[in-house]
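The block underneath contains the structure these notes are about, expressed in structure tokens.
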Ligand SMILES: [Zn+2]
């Protein structure tokens with residue numbers, strides 16, 4: 001029906017990713033407040049995610065588009081037992097683009113098959129969240145001035161963290177070096193190590209923050225969720241091992257930046273926030289530019 | 001099932017026109033029957049099971065009279081029974097003999113193992129990429145999760 005949807009970051013070639021990042025840069029410089037004049041974007045949130053929804057809606061608003069949609073499935077037709085297909089087919093008639101978030105994995109891919117307008121995946125369960133990856137890459141490029149040869153530390157939940165998996169895939173063409181820091185139970189799954197091996201990407205695994213932090217260009221922190229541990233004592237012990245504190249950053253490169261997909265719990269201590277290396281709030285701001293870029297690109301308004 | 005005597009007879013009983021599927025592992029017979037929809041067709045079907053096989057202990061054989069399957073259709077059974085052999089019979093003679101071929105993708109015949117997959121809650125057809133190997137596994141086109149051979153469940 002349409003092939004311009006963005007469901008997984010792997011739907012875009014490396015060339016397309018670079019182009020979208022360029023478009024995002026353009027939006028940061030020049031907001032183009034009339035680009036979406038007369039366009040309607042539907043934000044369908046089959047599970048609540050206020051932060052992601054506001055970011056998309058801000059992106060649409062900044063370009064002058066209108067928004068319809070729902071943020072709570074309990075008040076929508078979904079709760080009446082309507083199939084996803086029917087909802088998507090109907091909403092397709094009302095809008096030029098669908099942004100959707102859904103708790104079930106693969107739901108956005110299916111929606112893109114039945115929709116008559118492009119679909120942008122804003123998260124399908126534990127599966128994909130491609131605009132997060134693009135904003136992460138945008139933040140790396142913006143702070144480091146390049147995507148090539150970046151030394152990236154990924155910390156926390158590397159087993160279930162979909163943002164980690166997507167980012168390492170998307171960064172792999174740019175000769176990165178990865179350091180994976182996690183509890184043995186939350187280690188990066190073998191399939192992703194096999195992927196990195198197949199691409200010849202260098203990576204190292206650590207069970208705690210190593211003395212290699214001074215080599216890092218980017219520290220990408222993730223949340224360790226209590227639900228991942230059956231043994232809560234182990235969780236309590238673990239959660240303090242993978243906390244980044246300001247005192248650990250003394251010898252870090254001056255250009256090093258700390259990223260986090262947010263929300264954080266305690267994995268970045270509050271004492272890091274005033275440090276200029278703390279970049280996670282600006283990173284969230286970059287999300288708006290990245291989403292403006294994706295929306296205008298899939299709508300064919302930017303090439 | 002069949003006694004030794006009957007088995008011998010069954011081996012020799014020929015069909016005039018149709019398809020003979022041989023070398024099916026005995027334990028997978030009924031899955032193959034289901035995949036091909038042989039429980040719902042009108043033409044004569046002869047099934048032999050637990051026959052001795054030099055290759056793998058017990059095998060099954062299926063003879064379907066007056067039916068010639070499309071490649072796309074018959075190759076689906078390679079997921080379950082990659083050792084199976086096809087014999088195309090015309091006028092009591094074997095016109096063609098070949099192993100089944102593993103398809104690159106399959107649509108609508110298996111369930112995705114992931115309970116959180118959209119295919120398990122929408123009335124829709126599943127789609128998988130076939131991952132070849134010692135035992136075949138299936139990667140869901142929608143959720144990306146891999147269903148390994150032992151968990152392949154025919155719908
Ligand atoms: Zn699936």
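A short reminder: the numbers here are calculations on the coordinates, not readings from a lab. All values derive from a computational prediction rather than experimental measurement. Using ideal geometry, Cβ is built from the backbone for each residue, glycine included, and neighbour counts are taken over all protein chains shown.
Our summary of shape: the Cα atoms of the stretch B:105-154 have principal axis extents of 32, 18, 18 Å, ordered from largest down, in whole angstrom. Given a Förster distance of 60 angstrom, what is the FRET efficiency for residue A:248 paired with residue A:93, based on the Cβ-Cβ distance and rounded to 0.05? The formula returns an efficiency of 0.65 here. With a Förster radius of 22 Å applied to the beta-carbon distance between residue A:13 and residue A:195, the computed FRET efficiency rounds to 0.85. For chain A, the relative contact order comes to 20 percent (Cα pairs under 8 Å, sequence separation of at least 6).
A Gaussian network model of chain A, with springs between Cα atoms under 10 Å, assigns the largest mean-square fluctuation among A:292, A:169, A:270 to A:270.
With the convex hull of the Cα atoms taken as the outline of chain A, the averaged projected area works out to 15.8 nm². Once the Cα-Cα distance is subtracted from the 0.36 nm per residue extended length, the residue B:151 to residue B:107 segment shows a gain of 14.2 nm. Measuring between their Cα centroids, the stretch A:75-140 and the stretch A:3-24 lie 17 Å from each other. Neighbour counts of C-beta atoms inside 10 Å place A:179, A:102 in the sequence A:179, A:102, starting with the fewest. Taking 0.36 nm per residue of separation and subtracting the Cα-Cα distance, full extension of the segment from residue B:55 to residue B:70 would add 2.7 nm. For a label point 7 angstrom out from the Cα of residue A:212 toward its Cβ, which stretches of the stretch A:234-250 have the backbone nitrogen within less than 20 Å? Zone members listed by number: A:241-245, A:248-250. For a test of the definition: using alpha carbon positions, the gyration tensor, and the 1.5 limit on a/c, classify the stretch A:214-303 as rounded, prolate or oblate. It comes out oblate by the Cα gyration axes. The orientation-averaged shadow of the Cα convex hull for the stretch A:31-128, equal to a quarter of the hull surface, comes to 5.8 nm².
The calculated P(r) of the stretch B:4-99, using every Cα pair and 5 Å bins from 0, goes 3, 13, 27, 27, 21, 8, 1, 0 in percent.
Each of A:36, A:262 was scored by other Cβ atoms within 10 Å of its Cβ. Listed from fewest to most, they are A:262, A:36.
Within the listed set B:98, B:40, B:90, the Gaussian network model of chain B (springs between alpha-carbon atoms below 10 Å) gives the highest mean-square fluctuation for B:40. Sorting A:255, A:238 by the number of Cβ atoms found within 10 Å of their own Cβ, with the fewest placed first, yields A:255, A:238. Under the rule a/c < 1.5 gives rounded, and otherwise a/b versus b/c splits prolate from oblate, where does the stretch A:125-282 land using the Cα gyration tensor? Rounded shape, in that the Cα axes give a/c under 1.5.
Averaging the Cα positions of each part gives two centres, and for the stretch A:39-71 and the stretch B:79-134 these lie 41 Å apart. For chain A, a Gaussian network of Cα nodes joined below 10 Å ranks A:229, A:153, A:56 by mean-square fluctuation, and the top entry is A:229.
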